[in-house]
Amino acid sequence: MKSRMWTCITALMLLSALAIPVQLAAQNALGLKYTVLYTFTGGTDGAVPMLGTLIQDENGNLYGTTSVAGDLSACANGSSTGCGVVFKVDPKGNETVLYPFTGGADGGQPFGGLVGDEEGNLYGTTHFGTGSSPSGTVFKVDPAPKETTLYGFTGGTDGNTPYAGPIRDKEGNLYGTTIAGGNLSSCGGQGCGVVFKVDPTNHETVLYAFTGPDGKGPIGVLLLDDEGNLYGTTQYGGPSNAGVVFKVDPTNHETVLYPFFGRADGGQPVAGLIRDEAGNLYGTASSGGTSSAGVVFKVDPTGKETVLYAFTGGADGSTPEGGLVRDPQGNLYGTTFFGGNPNGPCGGFCGVVFKLSPTGKETVLYGFNGEADGANPGAGLLRDNHGDLYGTTQYGGDLDSTQGYCGIGCGVVFKISVCSTARCQSD
């Protein structure tokens, strides 16, 4: 079987529904071209991609999840909504549903992203399924494509309700988090969440169970270093209940590297972290900052936090929920869920794609209009070897969709590329 190389780069109209890429902003002042690669319709193709960053194989195909739609006979809530899908979008903008969830033993509503292996298998998590109170699953979709539930959470001490997708080590172990479960004497008897491992035999081990002061409600994807340490964030917990940056070492000992206070330092981090060669961690906090609109932060190996940029809530963006990606020059790229373009259907609440230089200068690479171009990116970005950026929006796109859960559109898959020539602009 041909192997694939995966790159992990942590809430439209008829033309796009027909899977024809739509160029919506031929070239902006920065020489960038914004393209909608695919527009979700809210039918069997899926709708509302949530927190998962896209991944890409060596042929340029993109893979991700949507939280609803797909099998419209499943997961009915007032009206049939579907339980979400695993999808592929090829370089020409053609979408293929690899698996539609049914809400049974396979789970439903994948909120997070995917990770792939050398054989072309995809691994992810679902928000609910198998247990008594959402609970959730860890799954695999093989190239057939066939779905296998690797582990079903019970909602008890093993964890309850994963939001983020898993990461995978070279031995084939999967690591992830759940927002609840674990130590059931904490967080009102619901548990504050866990860090878990699922080994190649599908045995689950709780590596660490949060209790509240050490963190509560981990939502972002984990980061694994060469020494086997896991790094992540919790949305709540810590001394101010504003979240923490944590490390779990190979002996399963947890260390709070930085507790947020919800003030100028930021608060409520939703996304995972990235790490540079010097061991500095970078991430986003969805609230706090000088304007209470969120921040981009760095935590050094000594636990010192530095706010690299505080969003104002205006044209520069507000409420970053996705993770960051870093280029060789040290520039950081990410998204904000709100803020941005004051025009359009959502009037300054559609979000942006931004770049942050090593000196802390923020540049808005694209501000969403909330129309055919999409709105409200909740996930981070994928950056390929050419410097092109790929992402998803939760809403916008097909504004004519009759699916009630789509709000203003069901979301899009987009690309931002360097486009400095006339020929590029006319393509």
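Conditions: (1) assigned to a loop (DSSP other than H, G, I, E, B); (2) more than 23 Å from the chain's Cα centre (by Cα); (3) farther than 21 Å from residue 231 by Cα. Residue 120 meets all but one. Number of the miss?
For residue 120, the exception is condition (2).
Residue pairs, Cβ under 9 Å, 6 or more apart or interchain, first in the stretch 188-215 and on the phi > 0 side of the Ramachandran plot, second small (Gly, Ala, Ser) and surrounded by fewer than 18 Cβ atoms within 10 Å (Cβ to Cβ). List them.
Short answer, once both residue conditions are applied: 191/156; 191/185.
Six or more apart or on different chains, Cβ under 6 Å: which pairs go from a residue in the stretch 91-103 that's closer than 18 Å to residue 59 by Cβ to one that's of a type in the set (Phe, Trp, Tyr)? Could you list them?
Pairs found: 93/38; 95/38; 95/87.
Go through the stretch 57-81 and count every residue that is in contact with a Ser or Thr (Cβ under 8 Å, 6 or more places away or on another chain) and surrounded by 24 or more Cβ atoms within 10 Å (Cβ to Cβ).
4
For residue 376, indicate whether it is closer than 17 Å to residue 298 by Cα and at pLDDT 95 or above.
Working: closer than 17 Å to residue 298 by Cα: no; at pLDDT 95 or above: yes.
Taking the combined requirement at face value, the residue does not satisfy it.
Give the stretch 92-109 a look and list any residue that's outside any loop (DSSP other than H, G, I, E, B) and farther than 17 Å from residue 123 by Cβ, or say none. Working first, answer last.
Going residue by residue through the stretch 92-109, those that are outside any loop (DSSP other than H, G, I, E, B) are 95-100, 108.
Residues satisfying the conditions are 95, 96, 97, 100.
Quickly run through the stretch 21-51 and pick out the residues that are modelled with pLDDT of 85 or more, assigned to a loop (DSSP other than H, G, I, E, B) and among the hydrophobic types (A, V, I, L, M, F, W, C).
Residues of the stretch 21-51 modelled with pLDDT of 85 or more: 32-51.
Narrowing further to those that are assigned to a loop (DSSP other than H, G, I, E, B): 40-46, 48-51.
Within the stretch 21-51, 40, 48, 50, 51 meet the criteria.
Test residue 206 against the stated conditions and say whether it is crowded, with 21+ Cβ neighbours inside 10 Å, within 23 Å of the chain's Cα centre (by Cα) and either at pLDDT below 95 or hydrophobic (A, V, I, L, M, F, W, C) (or both).
no
Being at positive phi and surrounded by fewer than 19 Cβ atoms within 10 Å (Cβ to Cβ) is the filter here, so list the residues in the stretch 242-261 that pass it.
252
Hey, any hits in the stretch 149-158 for a residue that's closer than 21 Å to residue 270 by Cβ, modelled with pLDDT of 95 or more and surrounded by fewer than 19 Cβ atoms within 10 Å (Cβ to Cβ)?
no
Among the residues of the stretch 274-285, which ones are part of a loop (DSSP other than H, G, I, E, B) and farther than 14 Å from residue 308 by Cα? Give the derivation first.
If we filter the stretch 274-285 for residues that are part of a loop (DSSP other than H, G, I, E, B), which is where we start, we get 276-280.
The answer is 276, 277, 278, 279.
Taking the condition of being acidic (Asp, Glu) and buried (at least 19 other Cβ atoms within 10 Å of the Cβ), how many residues in the stretch 159-203 meet it? Please lay out each step first, then the result.
Applying the first criterion (acidic (Asp, Glu)) to the stretch 159-203 yields 169, 171, 199.
Checking which are buried (at least 19 other Cβ atoms within 10 Å of the Cβ) leaves us with none.
Qualifying residue count for the region: 0.
Just to be sure before I move on: is residue 364 under 21 Å from the mean Cα position of the chain (by Cα), of a type in the set (A, V, I, L, M, F, W, C) and surrounded by fewer than 19 Cβ atoms within 10 Å (Cβ to Cβ) in the structure I sent?
yes
Could you list, in sequence order, the residues of the stretch 244-263 that are touching a Lys or Arg at 6+ places or on another chain (Cβ under 8 Å) and not in a strand (DSSP E or B)?
none
Among the listed residues 286, 291, identify the single one that is surrounded by fewer than 17 Cβ atoms within 10 Å (Cβ to Cβ) and under 24 Å from residue 358 (Cβ atoms).
Values: 286 fails: surrounded by fewer than 17 Cβ atoms within 10 Å (Cβ to Cβ).
The conditions single out 291.
Can you pull out every residue in the stretch 306-341 that is touching a Phe, Trp or Tyr at 6+ places or on another chain (Cβ under 9 Å), more than 20 Å from residue 221 (Cα to Cα) and surrounded by fewer than 24 Cβ atoms within 10 Å (Cβ to Cβ)?
306, 307, 308, 309, 313, 316, 338, 341
Go through the residues of the stretch 299-317 one by one and say whether even a single one is among the hydroxyl-bearing types (Ser, Thr, Tyr), modelled with pLDDT of 95 or more, under 27 Å from residue 229 (Cα atoms) and in contact with a Pro (Cβ under 8 Å, 6 or more places away or on another chain).
No, because not a single residue in the stretch 299-317 is among the hydroxyl-bearing types (Ser, Thr, Tyr), modelled with pLDDT of 95 or more, under 27 Å from residue 229 (Cα atoms) and in contact with a Pro (Cβ under 8 Å, 6 or more places away or on another chain).
Would you check if residue 303 is assigned to a loop (DSSP other than H, G, I, E, B) and touching a strand residue (DSSP E or B) at 6+ places or on another chain (Cβ under 7 Å)?
Numbers: assigned to a loop (DSSP other than H, G, I, E, B): yes; touching a strand residue (DSSP E or B) at 6+ places or on another chain (Cβ under 7 Å): yes.
When the stated conditions are applied, residue 303 passes them.
The values are calculated or read from the model by the stated rules, or taken from the named source; none is laboratory data. Worth saying up front: this structure is predicted, and the values here are computed from it rather than measured. Every residue, glycine among them, receives a Cβ derived from its backbone with ideal geometry; neighbour counts consider all protein chains shown.
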